[in-house]
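Asker: Before we start, here is the structure in question, set down as structure tokens.
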Amino acid sequence: MNFADLAQIVWENLRAHRMRAVLTTIGIAIGIAGVIAVVAVGQGGQAVIISEIEKMGSSRYFEVGPDYMKGETADSNTFSLQDPVLIKELSPAVEKMAPLTLGPMVDIRLPHSQQKSMMASLYGTTPDIIDAMNLTIEKGRFLSNSDVTAHARVVVIDAGLAEDLFPKDDPLGKKVFVQDTPLTVIGVLEKAPSSMMDTFNVRSVYTPITFAQEMLNTRVISTLCGVAVSDDAISQAISDSVKILEKRHASTSKHYVGNSLEEQLDMVGNVTSVLTTIIGAVAGIALLVGGVGVMNIMLVAVSERTREIGLLKALGARRRDIMQQFLGEAIALCLLGGLIGMIFGIGGAFVIALAANWPPLISIWTVLVAMGFSVVIGVFFGLYPASRAASLSPAEALRHL
Amino acid sequence: MIRVVGLTKVFGSGDAAVEALRGVTLDIPEGDFVAIMGPSGSGKSTFLSILGCLERPTTGEYYLNDRDVNSMEDDELADLRNRRLGFVFQSYNLLPRHDVLRNVEIPLVYGGAPRGERRERAEMLLNQVGLGHRLTHKPAELSGGEQQRVAIARSLANDPLVILADEPTGNLDTKASKEIMGIFQKMHKENRTIVLVTHEPYIAAYAKRVLYFRDGEIVREEANDELR
């Protein structure tokens, strides 16, 4: 039997059993569409979370601090203002480093204003922080080294705060009261492209660390924020920093610990990949259910058609011819169902992604695995019963009711 | 042409075993027209199935044109059924979804005949059985007699040596039966070998000789001297 004849017979058989063909196709399509859509949505969500984290700083970002996880905290002897300068000089892996003195909830208001004051996080730091945290200046300038040396009473505010405090005016050169101390606004940061921090409505202001320590009446530096020269140099930068700190602060009992954004990304990656696995398992069950449907339909089809198989054999069909026919039918249904499932799966992924505002990530592997699985199910359950029927003698098959 | 020696067929096993054939020996020369009669369960249909290679005997020998059929592989048997044997069933066994022409073409498809040739041959055969005007009808649109004529045309598709007919008129009225037997008679005159199972003496009367089966054995043979 040549291919054209086989194709004709397969086509005739499928048309003759339209209902069955349609049901089988739907079963396969649902399974495949489910897998593709679910995995695409899961991976899209993962990508969104990762990009959110990347917005929080340079990918070469790292920080060194006491072991907060073990309950240690920084005191006035943990870091000195000279540490970051020295580390930058000594370690070739460290490009930038800024110390951070935090004022978690400071109040901010305009002079003579009856307005209620606002709360913001205060970062007392040095110019290097702009690279570590990926900050961009929209207006004016950022802190300079001379501001730090001079304990200058200047402040850089973020875009949200600028809008709240100066809805109409240019904030540059204006005075604001931070913890009742008047400071001059020298710069405004650009609004970060919709980040999670924004959603939580956290405002932040940046002042020279020297002045911040005076104002907050503390000498505690909580963290050193650094930027490594390259992604590969991050761990080198961390270990160099820790070594230098341990040498300079030999008297303290603190342990210095470094963290990188990379590690945090890895952790998030682990969590979301667990989620993706769970989601994938759910989708896999959908595929399995679709497969069982296909199996049932195929089994029924063959026992119904045992008589027909007997007749075809009586007319001279060889076992091979029968098998080719059933294989052809199974493959045709699986491919058609797979195609429809692919279209609906990809379409569904796009719709959900559009609604959730994240990119639909459709991996070719998901599509291939889903297709492969459905074809295997269709072929196996199409062929196994057909092979049983084809091994009966024609007389036995014809007696079958 | 056909020679069987000591054919037996046992269905089932152990206590449930049923002996359908208990040693049938027979020679059918080329051009013979044999009718087989006998009560239900006498083994005549089983015998025809074995002659038609639809099933294998339990023991015994079967030679078709001096070739040992029992030793053949399944694929060789399929080829034999396709090219050398034509089978006509009591219930016609046409494929309901195909039109008449396609039904007759099926054995030609499995025989590997090219498309154009196959169509020509099927049309020619259907013309011979008087259905040239019904080529695109579905089997359900035809009368029983017409359906059986399609089945006969199908059995002739690959110009077989032997036509095996299992009660071909069993589902037909007398008039249609006579038309069908007219076709068998014509095939006999063209020197085709025919083996036909029937219950009806007036059908058996068309044959050159009649074999009577009882309990899986040939118990009597009659020659019809006078051919109608």
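Just so you know, all these numbers are worked out from the coordinates, no wet-lab data involved. All values reported here derive from a predicted model rather than from experimental measurement. Cβ coordinates were reconstructed from backbone atoms using ideal geometry, including for glycine residues, and neighbour counts include every protein chain displayed.
Asker: Take the residue pairs A:Lys116/A:Lys139; A:Lys139/A:Lys174; A:Lys70/A:Lys247; A:Lys96/A:Lys139; A:Lys139/A:Lys191; B:Lys175/B:Lys208 and return only those whose Cα atoms are more than 18 Å apart.
Answerer: On the way: A:Lys116/A:Lys139 26 Å; A:Lys139/A:Lys174 13 Å; A:Lys70/A:Lys247 21 Å; A:Lys96/A:Lys139 23 Å; A:Lys139/A:Lys191 11 Å; B:Lys175/B:Lys208 22 Å.
Violating the 18 Å Cα-Cα cut-off are A:Lys116/A:Lys139; A:Lys70/A:Lys247; A:Lys96/A:Lys139; B:Lys175/B:Lys208.
Asker: Just how far, in whole angstrom, is the stretch A:309-354 from the stretch B:141-188 if you go by their alpha carbon centroids?
Answerer: 38 Å
Asker: Can you tell me, using C-alpha contacts under 8 Å and at least 6 residues apart, the relative contact order of chain A as a whole percent? It would help to have the intermediate numbers written out before the result.
Answerer: Numbers: 696 pairs, mean separation 123.7, N = 401.
Once normalised by length, the contact order is 31 percent.
Asker: What is the packing order of peptides B:96-104, B:41-49, taking the mean over residues of other C-beta atoms within 10 Å and listing the highest first? Intermediate results must be reported in sequence, preceding the final value.
Answerer: Values: B:96-104: 20.3, B:41-49: 22.3.
Descending mean neighbour count gives B:41-49, B:96-104.
Asker: How compact is chain B by the rule of thumb for globular proteins, expressed as Cα Rg over 2.2 N^0.38 Å? Let's see the in-between values first.
Answerer: On the way: Rg = 17.4 Å, N = 228, 2.2 N^0.38 = 17.3 Å.
Dividing the Cα radius of gyration by 2.2 N^0.38 Å gives 1.01.
Asker: Please work out how much length the chain gains when fully extended from A:Asp231 to A:Tyr384, using 0.36 nm per residue of separation minus the C-alpha to C-alpha distance, in nm with one decimal.
Answerer: Details: separation 153, 0.36 × 153 = 55.08 nm, distance 5.48 nm.
Here the segment from A:Asp231 to A:Tyr384 would lengthen by 49.6 nm.
Asker: Further question on the same structure: So how far apart, in nm, are the two label points at A:His255 and B:Arg115 if each is 7 Å from Cα heading toward Cβ?
Answerer: 7.9 nm
Asker: A further question on this structure: To the nearest whole number, what is the average tally of beta carbon atoms from other chains within 10 Å of the beta carbons of peptide B:106-114? It would help to have the intermediate numbers written out before the result.
Answerer: Values: counts 6, 5, 3, 11, 11, 3, 4, 1, 2.
Other-chain Cβ atoms within 10 Å of each residue's Cβ, averaged: 5.
Asker: Still on this structure: Can you compute log10 of I(q)/I(0) for the stretch A:303-401 with the Debye formula, treating each Cα as one identical point scatterer, at q = 0.18, 0.20 Å⁻¹?
Answerer: After summing over all Cα pairs, the log10 values are -0.81, -0.91.
Asker: Calculate the mean, over all residues of peptide A:315-325, of how many other protein chain Cβ atoms lie within 10 angstrom of the residue's Cβ.
Answerer: 6
Asker: Sticking with this one: May I ask you to sort A:Asp128, A:Asp169 by Cβ crowding, counting other Cβ atoms within 10 Å and putting the fewest first?
Answerer: On the way: A:Asp128 22, A:Asp169 10.
So the residues, fewest neighbours to most, are A:Asp169, A:Asp128.
Asker: Could you please rank A:Trp365, A:Trp11, A:Trp358, placing first whichever residue has the fewest other Cβ atoms within 10 Å of its Cβ?
Answerer: With the fewest neighbours first, A:Trp365, A:Trp11, A:Trp358 line up as A:Trp365, A:Trp11, A:Trp358.
Asker: Now for a separate question. Quick check: pseudo-label points 7 Å beyond the Cα along Cα→Cβ at A:Leu90 and A:Glu138, how many nm apart are they?
Answerer: Rounded to a tenth, the inter-label distance reads 4.1 nm.
Asker: Helix B:100-111 sits at what angle to the longest principal axis of chain B, using alpha carbons and giving 0 to 90 degrees rounded to 10?
Answerer: 60 degrees
Asker: Going by alpha carbons, how many degrees (0 to 90, nearest 10) lie between the helix axis of A:234-248 and the longest principal axis of chain A?
Answerer: With both axes taken from Cα atoms, the answer is about 30 degrees.
Asker: Additional query: If packing is taken as the average count of other Cβ atoms within 10 Å, what order do A:214-221, A:29-36, A:325-332 fall into, highest mean first? Show your work: numbers first, answer last.
Answerer: Details: A:214-221: 16.4, A:29-36: 26.1, A:325-332: 20.9.
By packing density, highest mean first, the sequence is A:29-36, A:325-332, A:214-221.
Asker: With everything on Cα atoms, drop me the angle between helix A:18-55 and the longest principal axis of chain A, reported from 0 to 90° to the nearest 10.
Answerer: 10 degrees
Asker: Once the Cα atoms of the stretch A:73-254 are picked out, what are the Rg and Dmax in Å?
Answerer: So, for the stretch A:73-254, Rg and Dmax equal 17.1, 53 Å respectively.
Asker: In nm, to one decimal, how far is the modelled label at A:Val274 from the one at A:Asn2, with both set 7 Å along Cα→Cβ?
Answerer: Distance between the two pseudo-spin positions: 6.1 nm.
Asker: Something else: Any idea what the relative contact order of the stretch A:73-254 is, in percent, if you count C-alpha pairs under 8 Å spaced at least 6 apart?
Answerer: Relative contact order comes out at 35 percent.
Asker: Here's a follow-up. I need the semi-axes of the equivalent ellipsoid of chain A: take the C-alpha gyration tensor, multiply each eigenvalue by 5, square-root it, list largest first in whole angstrom. Walk me through the numbers before you get to the answer.
Answerer: Details: eigenvalues 997, 111, 44 Å².
Ellipsoid semi-axes (Å, largest first): 71, 24, 15.
Asker: Report the per residue volume, in Å³, of the convex hull enclosing the C-alpha atoms of the stretch B:103-228. Walk me through the intermediate numbers first.
Answerer: Working: hull volume 16.0 nm³, N = 126.
With only Cα atoms used, the stretch B:103-228 gives 127 Å³ per residue.
Asker: Taking R0 as 56 Å, what's the FRET efficiency between B:Ala17 and A:Ser363 from their Cβ-Cβ distance, rounded to 0.05? Please list the in-between numbers first.
Answerer: On the way: r = 61 Å, r/R0 = 1.09.
Once rounded, the FRET efficiency stands at 0.40.
Asker: Listing A:Lys88, A:Lys96 from the residue with the fewest other Cβ atoms within 10 Å to the one with the most, what is the order?
Answerer: Numbers: A:Lys88 17, A:Lys96 21.
Ranked by crowding around the Cβ, least crowded first: A:Lys88, A:Lys96.
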